[in-house]
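**Student:** Have a look at this one before I ask anything.
Values quoted throughout were computed directly from the atomic coordinates according to the rules given, and no laboratory measurement underlies them. Being a predicted model, the structure only gives us computed values, none of them experimental. Positions of Cβ are backbone-derived with ideal geometry, glycine not excepted, and every protein chain shown enters the neighbour counts.
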Amino acid sequence: MESTLKKLVTANAKPDREAIRAALVSAGIPKANVEVSVSRTPTGLDVDAMEAAALTGENCVMGQIRDGGVMVTVLPVLATGKCFVGDTR
């Protein structure tokens, strides 16, 4: 997750959600296990940070892109079986 996101932000400091999803799937994470936050607010503005998650068994590898930087952490899977709370459409 970390190396993939770092490579992505090297080419584009503010990738959109589809670029993030495509990069993670290309890195070998099954598409069904990838969750990505929205890249635009309801009013059409860019978000301050993008979040991505990869479900790996009982854990979620969470990555955040903010200001061209990448941070990654591992958190437990939620009771819903997902990594994100709510709707990520």
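**Student:** By the gyration tensor of its Cα atoms, with a ≥ b ≥ c the square roots of the eigenvalues, what is the shape of the stretch 2-76: rounded for a/c under 1.5, prolate for a/b over b/c, or oblate?
**Tutor:** In terms of gyration-tensor shape, prolate.
**Student:** How high is the FRET efficiency between Val85 and Lys7 when r is their beta carbon distance and R₀ equals 25 Å, given to the nearest 0.05?
**Tutor:** With a Förster radius of 25 Å, E is 0.35.
**Student:** Right, another one. Once label points are set 7 Å from the Cα along Cα→Cβ at both Ala49 and Glu18, what is their separation, rounded to one decimal in nm?
**Tutor:** 2.6 nm
**Student:** Moving to a separate point now. Name the long-range amide H neighbours of Cys60: under 5 Å, sequence gap of 5 or more, or other chain; modelled H, no Pro or chain starts.
**Tutor:** Amide H to amide H, under 5 Å and 5 or more residues apart or across chains, Cys60 pairs with Leu75, Val77.
**Student:** From the backbone phi of the stretch 10-18, what are the Karplus-calculated ³J(HN,Hα) couplings (6.51 cos²θ - 1.76 cosθ + 1.60, θ = phi - 60°) in whole Hz, Gly and Pro given as x?
**Tutor:** My calculation for the stretch 10-18 gives 5, 7, 7, 5, 10, x, 8, 5, 5 Hz in order.
**Student:** Given a 10 angstrom Cα cut-off, can you work out which residue in Met62, Met50, Met71 is the most mobile in a GNM of the chain?
**Tutor:** Result for the chain, Cα springs under 10 Å: Met71 fluctuates most.
**Student:** Between Ser39 and residues 5 or more places away or on another chain, which pairs have amide H atoms under 5 Å apart, with H built 1.01 Å from N, and which residues are they?
**Tutor:** Amide H neighbours of Ser39, under 5 Å, 5+ apart: Arg17.
**Student:** Under a Cβ-Cβ cut-off of 13 Å, what is the net charge of the residues other than Val25 that fall near it, where Lys and Arg count +1 and Asp and Glu count -1?
**Tutor:** Once all neighbours under 13 Å are counted, the net charge is +1.
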